[in-house]
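These notes are about the structure you will find just below.
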Amino acid sequence: MTDAGTRTAPVRRRAVRPVPAGAVIASVALVELSSGITQGFLSPLLKGLTDTLKVTAADLNWISIANLLASVAFTPVLARMGDLHGHRRLLRWNLAIVLAGSVLVGLSRSFPVLLAGQILQGAIAGFFPLLVGVLRNRPDGGDAESRRGISRMVAALIGGLSLGLLASGFVAATVDSPTAALWVPAAGVALALLVTWPLLPESEDRPGGSVDWTGAVLLCVGLVALMLALGLGGTPGWEWTSTRTLATLIGGVLVTALWVLVELRTAEPMIDVRMFARRNVVVVSVVTLSFSFCMLGLQVAHPVFLGTSPDETGYGFGYGPAVIGLGMLPNLLAMALGALAAPAVAARVTDRLTLVTGSALMAVGYGVVLALHSSAPLFLLGTVLAGLGNGFLQHSTRTLAVESVPHDRTSVGSGINELIINVGGSLGAAAVLTVFAGHTPAGRVLPDLDAYTTSWVLCAVISLAGGAAALLYRTPPKDLR
């Protein structure tokens, strides 16, 4: 323990052995690839799970919500412990937790067991901040090198999403067991753990201090309560005016407010809330909320739409699991392209215009999907435009979040951004769940078309709001970066 206002001197430790830069980049990319596989493998399977697990399309949104709520709990603790105790050490534990969740998902034969596995898989949110810590704390880990590394990490993440889609779709289409494809993420995470264990170097610099466990618990309880109330609000038993919903919502607000007060009085807070007094931190946070709201909010809706037969509901394309995976691929490839191009675009037109352009492309993409969803090629064109903009924003917001903090708080800075991504995604998944539940007729599994059109309009508006916020970003002087 340290007295208020006193910080233990940073401890510098040498890596156990030098590791070639290529091996480090390959290892980092492999971990993010496994993260993408874990996040993307379910999409081609969702329509089939409504029959296998006896749930509605609206219920499937709980997969996203459970995973994202767990991410809210895992991210700040893993990020802070990585800065304190070594990014590689925590990453190994992180991979082990996700592997345990992936095995549970593979074994699941009921919806509650699947959700339990998804909760453990939510620890993947710790991968990115810990890997950024590994990259940025290397001797050659300056801002320019970090930007290139983050760009490759985002591209690997999206590549993993694509691979997860294709692999699970292929397994589902070729193996008789309806749950065989649930083992796809376990294979990816096990490979990442096995390969990276001997290769990734440990961080050389570690700050003194300790984990703010009080702040961590308050933050997790407050955010989870808020997400639960917003996610269930309007559904049976959780009407907006019910005692249960109001108590959970008000309780979440009060606990979050208490967390802010505690952090302001803590010498080494889990998250320094004073950072949010800075204009650029608020702008980047708002943009992050906007793109994650749309990206994660629609990650269940779009594959279900592609797999729904127009003969059954009057909309959709009736694709099977393998074709759904291929149908989601253009969006993901566009995301990867946007992430890889973002550093060059930002260098040419500034970070602010990159943020604005990304938000505008997302809004246009959802507008195209809304207007032309009866045509498969035009539907996919809309997802490509949204994906390109999303890739710009994924790279830019993650980079700017890392550059806003000192090196000894690298994982915390990245973790805050990942936390905001998860909060935005939770809000998006909750909003879409509410919309879908409100547009699913009694006794039916699938919603009517209005559930989708309302969701697309909402995401277009949210994207425009993010673009408007991005106009307020100001490039800091070089000596302050």
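The values are calculated or read from the model by the stated rules, or taken from the named source; none is laboratory data. In this text, all values refer to a predicted model and were calculated from it rather than measured experimentally. Positions of Cβ are generated from backbone atoms using ideal geometry, with glycine treated the same way; all protein chains shown enter the neighbour counts.
Within the stretch 244-284, being of a type outside the set (A, V, I, L, M, F, W, C), assigned to a helix (DSSP H, G or I) and in contact (Cβ under 8 Å) with a residue 40 or more places away in the chain holds for E263, R279, N280. Among the residues making up the stretch 40-70, those that are among the hydroxyl-bearing types (S, T, Y) and surrounded by fewer than 24 Cβ atoms within 10 Å (Cβ to Cβ) are T50, T52, T56. Tell me, yes or no, whether the stretch 313-323 has at least one residue that is hydrophobic (A, V, I, L, M, F, W, C) and either over 18 Å from S43 (Cα atoms) or buried (at least 23 other Cβ atoms within 10 Å of the Cβ) (or both). No, the conditions are met nowhere in the stretch 313-323. Among residues that are surrounded by 18 or more Cβ atoms within 10 Å (Cβ to Cβ) and not charged (D, E, K, R), V345 is included. Which of the residues that make up the stretch 324-374 are more than 22 Å from the chain's Cα centre (by Cα), within 21 Å of L458 (Cα to Cα) and of a type outside the set (A, V, I, L, M, F, W, C)? Result: G367, H373, S374.
Quick one: is T241 crowded, with 19+ Cβ neighbours inside 10 Å, without any contact (Cβ under 8 Å) to a residue 24 or more places away in the chain and under 21 Å from A431 (Cβ atoms)?
Taking the combined requirement at face value, the residue does not satisfy it.
Considered as a group, the residues in the stretch 73-98 that are among the hydrophobic types (A, V, I, L, M, F, W, C) and surrounded by 24 or more Cβ atoms within 10 Å (Cβ to Cβ) include one that is nearest to the chain's Cα centre (by Cα), and that residue is F74. Scanning the stretch 421-465 for residues that are surrounded by 21 or more Cβ atoms within 10 Å (Cβ to Cβ) and closer than 30 Å to V132 by Cβ yields a total of 15. Exactly one residue out of L91, L46, L84, L69 is part of a helix (DSSP H, G or I) and modelled with pLDDT of 80 or more, and it is L91.
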